[in-house]
Structures are given as C-alpha cells and as structure tokens.
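Novice: I have a structure here, written as structure tokens, and I will follow up with some questions on it.
The values are calculated or read from the model by the stated rules, or taken from the named source; none is laboratory data. Everything numeric in this text was worked out from a predicted model, so none of it was measured. For neighbour counting, all protein chains shown are included, and Cβ atoms are generated from backbone atoms with ideal geometry for every residue, glycine included. Just the protein is used for accessible areas: all its heavy atoms, side chains included, with ligands, DNA and RNA removed. Shrake-Rupley method; radii C 1.70, N 1.55, O 1.52, S 1.80 Å.
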Amino acid sequence: MNRVYLDYAATTPTHPDVVQAMLPFFGESFGNASSLYSYGREARAAITAARSSVARLIGADEDEIVFTGGGTEADNMALKGIAFAADGKYNHIITTSIEHHAVLGSCEFLENLGFHVTYLPVDKYGLVAPDDVRKAITDNTLVISVMHANNEVGTIQPIAEIGRIARDAGVYFHTDAVQTAGHVPIAVNDMGIDLLSVSAHKLYGPKGVGALFVRTGTRISPLIHGGAQERNRRAGTENLAGIVGFGTAAELARGTMTEEATVLGTLRDRLITGLLERIPEAQLNGHPTSRLPNNVNVSIDYVEGESMLLHLDMEGICASTGSACTSGSLEPSHVLLSMGLSHQLAHGSLRLSLGKWTTGEDVERVLETLQEIVSKLRAMSPLYKAPGRSAQ
Amino acid sequence: MSDEQPVYSEKVMEHFRNPRNVGEMESPDGIGHVGNPVCGDIMELYIRVVDHVITDARFKTFGCGAAIATSSMVTELVKGKTIEEALELSNRAVAEALGGLPPIKMHCSVLAEEALKSAIEDYLQKHPKPDSA
C-alpha cells in the first residue's frame, strides 16, 4: 500500500540532494574541523559554507549562527544561556502558554532556580496579543520568548510587532522558528529578533542538527563546555555531515520556499474545506488566515484522536493528534486547552501537516478515508447521538 | 509528545480493528456508564441477565485504541458468567486476555472493569435480591 505521509510538522524526509551533499563527509572528507592539516581545513570550509547558508535563510550574519544538536537544544540555549549570563536584577521571563515543551521545560527549570516566568494567554485562534506582551514587561524583564508559528495548530504570531515592543523596552527577544524557518520568510533584523531557534529536520535536512541565531552583542552563556568550537559558545566536535546537510537544506529552502508555500496553501485549503464539508460537527483549530501554509488541525467531536490515528495508519495515512492518549500523560494538548477548547474536543483533534511530496490525490484519499473512519467511530461513541434520534 | 508511545499487542489491535459486541442493547437489564471527557475515555456497557447469568453484553466507547479493545474484551469475557463470577473479573484479567497493555494504558482496563461493575450494580438495584423476578 502506498503510504500517505501527512506529519511533516513532526519531521520531514531528508531531501535526496541533502543526502548526496552529506555523503562525502562520512567518507573521504571525514576531517575534524579543528585540525590544521588539509582534512581539517576541508571540514572547516564546509562548515563555514553551511553557516552562511543558514544565516542567509533568516537574514543574519554568519557569525551570529551557533550550530546545535537540534531545535530543542537551541531553545534551551536561548533561555538558559541568557538567564545564566544575566545580572541578578533581570530575573523575569515572558513567554506564552502555547510554546513547545523545549521552551516551557526550560522556563520551568529556570523557575526552580528563582526566575519568574509570565505565561501569556492566547485567544481562541491561538494568537498572542502584543499588548499583553507590552503590559507584562517589568523593570526586571530579561527576555521575551514567543514562538513564530505554533507546531500544533499552525497559528503565526505577530512576531515583528512583538519584536518592536521588546526593542523599545530594551528586552531580549527570542523566537522558536522551528516550524517556520525554510517555510515562511524570516528577516531577523526587520523583525527585531535577538535569538531564534531552527531545526534542520523540519526543512528537509537531517535530524540531530539545528541552530541558534544569537544577535551580535547578546550576552549568553554556553550550555556545553569544553573546546572552543562555535566561538566558545557550543563545545564539542562539530556534527560535520549534519551541518553540511543543514546548509544544503537551507539553501534549497531559500529557493523553493515561496512557490512551495503557494502550492501547499492551496492543498491545505482544499483539505480544510473538504473535511469541514464532509464531516459534520468538526471545527478548524488555529487561525483561519495567519497560518502555516502546510498545517491543518481539526477537532472532530465525539471521537478520540488516537483511535482516528490507528485507523488512518491501517489505511497507510500518517497523522498526529493532540489527544492525551498519545502524549504519555492523561492531559490533552496544552495548546488546544489554552485556546479554550473543551477536553472532549482536544481529545478529538487531528493534525495533518503537508509537505513537498504531498499531492492532490493524497488530499482526496484522506478526505474519503477519514469520513469513513469518523462514521465508524461515531457509531460506537456513547457521546454521539445520530441526527434524528433523541438523546437518552 | 514523549517517547513513551504505546505499542499494542496483536490481540489489542485485532479487537480494535474488529471490536466485538459494539452498539446499544434494546432494554438491557443493567447499564454501566464510566469515565469522563477530561480523561478522554468514556465507556457505556449494557448487560442482559437471565437466571442470574449474563447472557449478552454490549458496549459503546469513546476513547483510544486500548479503551476500545478492553471494552470489546470485557464484553466477550463476561458472557456466560454468573453475576458473582462477573464481579470477580479483574482489570488484570482483561489486560492479560489481550496479551497485555502498555503501562500507560492500564487505566483503560480499570475503566473496563468499572464499567462492568457499574452495569452489574445497576442490574442489582433494579432487581433486588429476594429471588428477583
């Protein structure tokens, strides 16, 4: 059976060109970039080239890119690194209730160390109000961390506006751009961003490599100590092949991003419209327009997400849910609950995220398959009363 | 999202794919209703009782794969049992009959046991002891 992969927000396949670009660095070009001889120099040159590709993707300078072991490490470094380098007076962090766990977990850790964290609410579309950000700033505020786009519901935040507020207040501004880098244009200078997290495997690069953009002049402590790699900001021999792959992926993304967003946006809208037309009592989660071009998130009432995923998987369709049942806890998605969804609707959420290799046929197949699955699950749901039948 | 993804046994998947005894029952002798939308699992279990023996059981469930599979299994296990025997059916027995459940899904088997007990209680309330008619 042909599989239909609709979980690009979880991870993307590594682009064949990226794989090709990486291969020599497992073979003849295996050097340690810290070595003085030719192998080392080749490795160093490859890393430098990759660094400038990643920098160009977000409008940064080469020197402002620190390669990390992924998006989670970048988020950790941004928040903890800024906190550890700060004067005692600056002990307040502003973030939102819908951040990725990499940010929320880092904030909780810093709270245990005595930092104060304000978690801003969002509206029903998952949007943060810039005015709430402004009002939350105190004399002690060190950093504001608001994600560029949410990984679950795809809502894109008014980052440039928040960046201006941060700049006016003289507060650092971090954004987790793991879902947007390579998909939505980013210009760190125009957007007033001081720190920005990226992950390679969300833009057709390899897993295990990411980057943190650190604006020149930002005071930040390293998380990992040891050698002088990454200009003393991240010790450890560089993940050479991974970094090369990341650079190639960034370069490819810069060329294809605009066109891909147009194509995916059309498929996304077909999928959303089709789902809402075919499945009664379903709703779109996230913002209708300020939304990632590849994100579909719906809640389907009376059915539970994991059951939908298992049935979709049996039909070869890969998707994701915000139901508790797949999170390892009993709580459904903190994002959906923050947006005011009931537990029942949060448990019935389904995320379909599209990508480079998604086709119109894929969309049709999902629409047909999901409609059948929902009918089947609703027929066995004690919450569902079929139309025309009176409730017990 | 954590790494603790549940991996279901073949038996669980088989009951999830083809759940036994799904649907409501016409005028059941006992109905059990357990769970709530907060935890994400709701089970309704219906039993038919003839001469103190459960002759039929059916269910409706809102929940994950394990919730559906345990509902299906408990209705299978309970058929033909006397009320006393059915009351002794434990969640572990349901889980074992399914070839085990991932640790984070054991609560689904607890819910299945509770649904059965709740249906039996409902039956016993409607049919008080002194040799029910």
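Novice: List the Cys residues of chain B that have no partner Cys with a C-beta closer than 4.7 Å.
Specialist: Taking the Cβ cut-off of 4.7 Å, the unpaired cysteines of chain B are B:39, B:108.
Novice: Given the alpha-carbon gyration tensor of the protein assembly as shown, what are the semi-axes of its equivalent ellipsoid in whole angstrom, ordered largest first, with each equal to the square root of 5 times an eigenvalue?
Specialist: 50, 24, 22
Novice: Determine the dipole magnitude for the protein assembly as shown: charges of +1 sit on the beta-carbon of Lys and Arg, -1 on that of Asp and Glu, nothing else is charged, the reference point is the Cα centre, and the result goes in debye to the nearest 20.
Specialist: On the way: 44 positive and 64 negative charges, 153 e Å.
Rounded to the nearest 20 debye, it is 740 debye.
Novice: At 7 Å along the Cα-to-beta-carbon direction for both residue A:359 and residue A:26, put a label point, then send me their distance in nm to one decimal.
Specialist: My value for the distance between the label points is 2.8 nm.
Novice: Next up: Can you give the mean number of other chain Cβ atoms that lie within 10 Å of the Cβ atoms in peptide B:56-62?
Specialist: Shielding by partners across B:56-62 averages 4.
Novice: Loop only by DSSP, 16 or fewer other Cβ within 10 Å of the Cβ. Give me the trypsin sites (Lys or Arg not before Pro) in the range A:252-308 that pass, ordered by residue number.
Specialist: Answer by residue number: there is no such site.
Novice: Further, regarding this structure: Give me the log10 of I(q) over I(0) for the range A:17-253 at q = 0.08, 0.09, 0.11, 0.13 Å⁻¹, as the Debye formula computes it from C-alpha points; what are the numbers?
Specialist: -0.29, -0.36, -0.53, -0.73
Novice: From the phi of every residue in the range A:60-65, what ³J(HN,Hα) in whole Hz does the Karplus formula 6.51 cos²θ - 1.76 cosθ + 1.60 yield, where θ is phi - 60° and glycine or proline is x?
Specialist: 10, 8, 3, 5, 8, 9
Novice: Another question, if that's okay. If r is the Cβ-Cβ distance from residue A:314 to residue A:273 and R0 is 22 Å, what FRET efficiency results, to the nearest 0.05? Walk me through the numbers on the way to the answer.
Specialist: Working: r = 26 Å, r/R0 = 1.16.
My answer for the efficiency is 0.30.
Novice: While we're on this one: Considering only B:71, B:27, B:109, give the residue with the highest GNM mean-square fluctuation for chain B, with springs between Cα atoms whenever their separation is below 10 Å.
Specialist: Answer for the Gaussian network model of chain B: B:27.
Novice: Moving to a separate point now. With a 1.4 Å probe and all protein chains left in place, how much accessible area per residue does the range A:17-253 have, in Å²? Mind dumping the intermediate values first?
Specialist: On the way: 9130 Å² over 237 residues.
Averaged over the residues of the range A:17-253, the accessible area is 39 Å².
Novice: Mind checking the angle between helix A:159-169 and chain A's longest principal axis? C-alpha axes, 0 to 90 degrees, to the nearest 10.
Specialist: Computed tilt is about 50 degrees.
Novice: Largest first and to the nearest Å, give the Cα extent of the range A:1-81 along each principal axis.
Specialist: 50, 36, 22
Novice: Would you mind telling me the share, in percent, of accessible area of the range A:17-253 contributed by carbon and sulfur at probe 1.4 angstrom?
Specialist: Carbon-and-sulfur percentage of accessible area, whole number: 52.
Novice: Another one. With charges only on Cβ, +1 for K and R and -1 for D and E, what is the dipole size of the range A:77-183 about its Cα centre, in debye, rounded to 20?
Specialist: Result for the range A:77-183 is approximately 160 debye, rounded to the nearest 20.
Novice: Something else now. Starting from the eigenvalues of the Cα gyration tensor, five times each then square-rooted, give me the equivalent ellipsoid semi-axes of the range B:40-133, largest first, whole Å.
Specialist: Here the semi-axes work out to 24, 13, 10 Å.
Novice: Could you tell me which of the pairs A:385/B:60; A:124/A:207; A:385/B:126 are separated by over 21 angstrom between their Cα atoms in the structure shown?
Specialist: A:124/A:207; A:385/B:126
Novice: Using only Cα atoms, tell me the angle between helix A:360-379 and the longest principal axis of chain A; keep it within 0 to 90° and round to the nearest 10.
Specialist: With both axes taken from Cα atoms, the answer is about 50 degrees.
Novice: Kirkwood hydrodynamic radius, the range A:271-382, all distinct C-alpha pairs: what's the number in Å?
Specialist: Mean inverse Cα-Cα distance, inverted, gives 14.1 Å.
Novice: Quantify how strongly other chains surround peptide B:35-43 by giving the mean number of their Cβ atoms within 10 Å of each of its Cβ atoms.
Specialist: 6
Novice: May I pose another question? Looking only at A:250, A:78, A:86, which one moves most when chain A is put into a Gaussian network model with springs between Cα atoms under 10 Å?
Specialist: It is A:86.
Novice: With a 1.4 Å probe, what is the total accessible area buried between chains B and A, in Å² rounded to the nearest 100?
Specialist: Numbers: alone 7250 and 16630 Å², together 21430 Å².
Interface between B and A: roughly 2500 Å².
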